[in-house]
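Enquirer: Have a look at the structure that comes next, please.
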Amino acid sequence: MSAPSSASSAPAENSATDHDFLAPDAGQKPPGPTPSQSRFQVDLVAEAAGAADDKTPSSDASAAAPDAPSSNPAVSGEEAKGRFRVVNFADPTGVGSVDSPEAAPTEGMQNGDTVMSETSLHSSTGGQHHYHYDTHTNTYYLRTFGHNTIDAVPNIDFYRQTAAPLGEKLTRPTLSELHDELDKEPFEDGFANGDELTPAEEAAAKEAAESKGVVKFGWIKGVLVRCMLNIWGVMLFIRMSWIVGQSGIALSCVIVAMATVVTTITGLSTSAIATNGFVRGGGAYYLISRSLGPEFGGSIGLIFAFANAVAVAMYVVGFAETVVELLIGMDAVMTDEVNDIRIIGTITIIILLGISVAGMEWEAKAQIFLLVVLVTAIFNYFIGSFIPIKSKEAKGFLGYDASIMWENMGPDFRGETFFSVFAIFFPAATGILAGANISGDLADPQMAIPKGTLLAILITGIVYLGVAISTGSCILRDASGNVNDTISSHLMANCSTAACKFGYDFSTCKNEDTCRYGLHRDFQVMSLVSGFGPIITAGIFSATLSSALASLVSAPKVFQALCKDNIYPGLQMFAKGYGKNNEPLRGYILTFGIGLAFILIAELNTIAPIISNFFLASYALINFSVFHASLANSPGWRPSFKYYNMWVSLAGAILCCGVMFVINWAAALLTNVIVMALYIYVSHKKPDVNWGSSTQALTYHQALTHTLHLSGVEDHIKNFRPQCLVMTGYPNSRPALLDLVHSFTKNVGMMICGHIRTGYRRPNFKELATDQARYQRWLLKNETKAFYTPVFAEDLKQGCQYLLQAAGLGRLKPNTLVLGFKNDWRDGDMMNVETYINESLSSQEKPSGMKDVIVSIDTSKDSDADSSKPSSKATNKKSPTVTLNVSDQRLLEASQQFQKKQGKGTVDVWWLFDDGGLTLLIPYLLTNKKRWKECKIRVFIGGKINRIDHDRRAMATLLSKFRIDFSDITVLGDINTKPKKEHMAAFEEMIEPYRLKEDDMEQEAAERLKNSEPWRITDNELELYRAKTHRQIRLNELLKEHSSTANLIVISLPLARKGAVSSALYMAWLEALSKDLPPILLVRGNHQSVLTFYS
């Protein structure tokens, strides 16, 4: 492929050399396109440049002039670093923008003036234009290759998807330009290779252009700090000790390890996806949607944003619980415990909303402060645990002791189970996506997300394990707080509990369930243990508020990204951002509302399991995304993070789903129903996005694999399917033909809409590819399961051969040719009819302005093509948009007749000749469809008068063996009766203009005329096939008699010996056969069986 390109580009290179822009004659106009033809002019900066500064306006002006002499000191003053000046010709005439140095814009004006270095091209326009090379008048890479060439060297700017955050998108010269084959100005649409921007991408580009001064975070402040704060949430200080009391040290470590395994696998998967290309805002939603597509992304994005909003409530309730505990201790309760939690929670979330709305910078500063407090509190606890104090012993803190550790090693579940405790702890692990959720605010998401997330999981996991072992080793499960609950020394010998060893007996309060302290009873036990209690309280405040703040920021960011993609049209209003950081203020208000509603529940243990399932569903899909992308084996799946494994990710996804059901099977079932409902909704809406998801890649992979596998399997009669090549031209130009064939191929066989484009001009393959994409979209939009395949050909004959030979792939090749009948065969050039008959092709014969309302038949035969060939009637008028006259209205109704339900009618099958069963199979497939379900099949066969009953029974037996339902069988005993004289006369009148009448002229003249007009009917031919002519006319009479009310007639296509029957006579037969009848489908199989009664 590269050889022709190189060879063809040589003339362009030589041409460019002959007319060098650096010629000293300033008055000489450069040949080639004028500035009005080519929008950009590129001047090579002189190689032998001095050291003068090139940033003055005069040097800019001089460099912009195309005819400036090379000796100009301003030009030679630029450093020779292989740079080029690109000027956007805004004036189409070129006047004032090229010839005048004064007209050259200065830097900073919105004019597209750019300077290209060896690495990139930076624009002064803020990323709002796309720049293209002038491929006709200039060369660029003289310094690199030592000769003139317009071929572009590799450049990152060619690969940008949008003009967004990283720089300008450039468009490389196309092959057509390198071959100098374009007759028009290149890139007139502004994009190369069809890289049009979606609305979401345009919005991203616009935001990026206005994003000067945006706050961006590194991996520590943006991910590590945020994840650690979110993971060290409410569970660390006020539930971890309770979890140890319930499940013991060993099972607590197992719970932490299980959660860490799930989060670590998910962290690895997140890292893999995040490093597989540029990551924008939206966090988990962005990662899943760009990997698995909008269906999964849209469904999980909504519940993930909702889960984060509910998590705000969970953390705020944890904070409020701590405050209320303090108020109870000071006897300062406002109303009652539950309502106090609600009041304090409401005030807290309002304050957090204010911090969030103030902007990400303030929020980040608050997070750093909270982390310092939190780390101080953790150290404070561990230091305090090594300082036993006598006054704390009655409350259960006895210091580190092996007997306490051993007593607390096993579980002691009281009203809980292992999995219910795990369900309460697991939300503590859900903070791992806190950094990824603000991916749009990270300076380098590909580096920050893996490093920050995995390190946060490691640090927090170690701290959780440390706290579990520590609390279980120095605190009793039950304590009364009464210093008088001691045990006498003589009873200590018989005491088996750890408390006895220290002289305490808390069995009374334990048995009476009145203990107020210990792991089981006191949620604030870590404050008791710590060196300075108020610091633990501050740590609880810090942990809960930081987690709430992170979730309050994450939910609107994810929701905003979801709304920007317009997956759910009704939510578009939440996509709007405000300020330089594009803050989703509306999303903040919505999150505030959801959080406030759940705060009013005021019960932490009720809220925690609800969001566990939502987060687990998100984790499962992130893990599945990595497995799916690896399975699809797409070349685009190239994550720079290598420490992942597709099977580990699959195991992680299964583990997440399993944990969902173990935690709460009802909630898990509900979560799955919600995800599937949203998935079905998004699939039904079919959002107009194309993100190159792994779903597409896997679909291709499976299609290729199955197609190859199918190629190795021999065809079998039982599996025969009509795979139709339908000569529709443009698919919307012959609606009746398209609808009829689609009726029996939908979900059964393949349908290819063939279109032959003829003409003498050079074929424009770019236009052909554009049409192919446009009409394929049209077919999909109209829910027509078909492929559109256009070809360029010199004539219809050649185009037919192209399609018959090349259409399809492997076993998925057409075996049935379907044509619309040439209704105007008597009006146009008869040579077209010759081609139509001889090559079984007619795709462009009917002018679009024809208004005939006769719904005609279509026929074809090609004995050279090894395929079955049914032909079908159709019209080819588009639906008018103006008031219709009577004939137009009839034509419109005819074109739409197969789009509506057919009702209780009949499909009449005139199975006159055994062609292998195709004539019977198509009506059977048709009547299985919803629109034709109420139609009954009636079968008509030829026979003798004295054998009518016998023939009917034989056909009934055959149909029953084929398991094809029928309502009636009619044996035509009078099929060989001569037709009526008036019908014979009408036929003679129809063929009169096409007769050769060789008896009335010299033999030599007759032969010359026959050679020049092979479609003419000879007298000998007419006499030879008189019986066949009579049969077609007689069949028309019988059709009118028996099938004039049928919804569709399917009849065997008459055959004619190739080369012996002229095309005019054959068309006359078909015209006579189908005249004044309902829609008629003429079918002729290739006489190989397509029906069998064997199992």
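The values are calculated or read from the model by the stated rules, or taken from the named source; none is laboratory data. Because the structure is a prediction, the values reported are computed rather than measured. Glycine gets a Cβ as well: all are built from the backbone with ideal geometry, and neighbour counts include every protein chain shown. For accessibility, only protein heavy atoms count, side chains too; no ligands or nucleic acids. Shrake-Rupley method; radii C 1.70, N 1.55, O 1.52, S 1.80 Å.
Matching residues to (1) part of a loop (DSSP other than H, G, I, E, B); (2) farther than 17 Å from E1023 by Cα; (3) among the β-branched types (V, I, T):
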| position | (1), (2), (3) |
| --- | --- |
| R1057 | yes, no, no |
| A1060 | yes, no, no |
| A1064 | no, no, no |
| A1068 | no, no, no |
| L1081 | no, yes, no |
| Q1088 | yes, yes, no |
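Enquirer: Do any helices (runs of 4 or more DSSP H) lying entirely in the stretch 664-777 carry at least 2 residues that are more than 27 Å from C800 (Cα to Cα) and open to solvent by 50 Å² or more (accessible area, probe 1.4 Å), and which ones are they?
Expert: By residue number, 665-685, 694-711.
Enquirer: Let me ask something additional. Can you name the residue in the stretch 1006-1041 that is of a type in the set (K, R) and under 59 Å from the mean Cα position of the chain (by Cα) and, of all such residues, is farthest from S1062 (Cα to Cα)?
Expert: Result: K1040.
Enquirer: Across the stretch 1081-1095, what is the total count of residues that are over 41 Å from the mean Cα position of the chain (by Cα) and among the aliphatic types (A, V, I, L, M)?
Expert: Matching residues across the stretch 1081-1095 total 1.
Enquirer: Tell me yes or no: at least one residue of the stretch 1040-1054 is part of a loop (DSSP other than H, G, I, E, B), open to solvent by less than 40 Å² (accessible area, probe 1.4 Å) and over 25 Å from P735 (Cβ atoms).
Expert: The answer is yes, given that some residue of the stretch 1040-1054 is part of a loop (DSSP other than H, G, I, E, B), open to solvent by less than 40 Å² (accessible area, probe 1.4 Å) and over 25 Å from P735 (Cβ atoms).
Enquirer: Which ones in the stretch 256-283 are surrounded by fewer than 24 Cβ atoms within 10 Å (Cβ to Cβ), in a helix (DSSP H, G or I) and not hydrophobic (A, V, I, L, M, F, W, C)?
Expert: Answer for the stretch 256-283, where residues must be surrounded by fewer than 24 Cβ atoms within 10 Å (Cβ to Cβ), in a helix (DSSP H, G or I) and not hydrophobic (A, V, I, L, M, F, W, C): T260, T264.
Enquirer: Going through L740, L796 one at a time, which residue ends up being of a type in the set (A, V, I, L, M), assigned by the TED database to the domain that holds V818 and at pLDDT below 85?
Expert: When all the criteria are applied, what remains is L796.
Here's the yes/no breakdown for (1) open to solvent by less than 10 Å² (accessible area, probe 1.4 Å); (2) without any contact (Cβ under 8 Å) to a residue 60 or more places away in the chain:
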| residue | (1), (2) |
| --- | --- |
| Y285 | yes, no |
| F296 | no, no |
| F319 | no, no |
| E337 | no, yes |
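Enquirer: Residues of the stretch 890-925 being assigned to a loop (DSSP other than H, G, I, E, B) and open to solvent by less than 10 Å² (accessible area, probe 1.4 Å), which ones?
Expert: F898, D915, G917
Enquirer: Looking at the stretch 1055-1076, which of the residues that are touching a residue at least 60 places away in the same chain (Cβ under 8 Å) and surrounded by fewer than 20 Cβ atoms within 10 Å (Cβ to Cβ) is nearest to C724 (Cα to Cα)?
Expert: Among those that are touching a residue at least 60 places away in the same chain (Cβ under 8 Å) and surrounded by fewer than 20 Cβ atoms within 10 Å (Cβ to Cβ), it is L1055.
Enquirer: Filter the stretch 935-959 down to the residues that are under 50 Å from the mean Cα position of the chain (by Cα) and open to solvent by 70 Å² or more (accessible area, probe 1.4 Å) and list them by number.
Expert: Across the stretch 935-959, the qualifying residue is only K936.
Enquirer: Where in the stretch 309-394 are there helices (runs of 4 or more DSSP H), lying wholly inside it, with at least 2 residues that are of a type in the set (A, V, I, L, M, F, W, C)?
Expert: The helices (runs of 4 or more DSSP H) meeting that bar are 337-358, 360-385.
Listed here are the residues, each with its yes/no results for (1) among the polar types (S, T, N, Q); (2) touching a residue at least 40 places away in the same chain (Cβ under 8 Å); (3) crowded, with 24+ Cβ neighbours inside 10 Å.
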position: C509; (1), (2), (3): no, no, no
position: L519; (1), (2), (3): no, yes, yes
position: L528; (1), (2), (3): no, yes, no
position: F532; (1), (2), (3): no, yes, no
position: S547; (1), (2), (3): yes, yes, yes
position: V553; (1), (2), (3): no, yes, yes
position: L585; (1), (2), (3): no, yes, no
position: I594; (1), (2), (3): no, yes, no
position: S612; (1), (2), (3): yes, yes, yes
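Enquirer: Does any residue of the stretch 973-988 turn out to be under 23 Å from W911 (Cβ atoms), open to solvent by less than 50 Å² (accessible area, probe 1.4 Å) and at pLDDT below 85?
Expert: Yes, the stretch 973-988 has at least one match.
Enquirer: Sticking with this one: Just to check your reading of the model, which residue among G415, G399 is in a loop (DSSP other than H, G, I, E, B), open to solvent by 30 Å² or more (accessible area, probe 1.4 Å) and on the phi > 0 side of the Ramachandran plot?
Expert: G415
Enquirer: Against the conditions (1) without any contact (Cβ under 8 Å) to a residue 40 or more places away in the chain; (2) of a type in the set (A, V, I, L, M, F, W, C); (3) open to solvent by 60 Å² or more (accessible area, probe 1.4 Å), where does A332 fall short? Just the number, please.
Expert: The number of the failed condition is (3).
Enquirer: Which numbered condition trips up G799, out of (1) within 28 Å of Q899 (Cα to Cα); (2) crowded, with 18+ Cβ neighbours inside 10 Å?
Expert: Every condition holds for G799 apart from (1).
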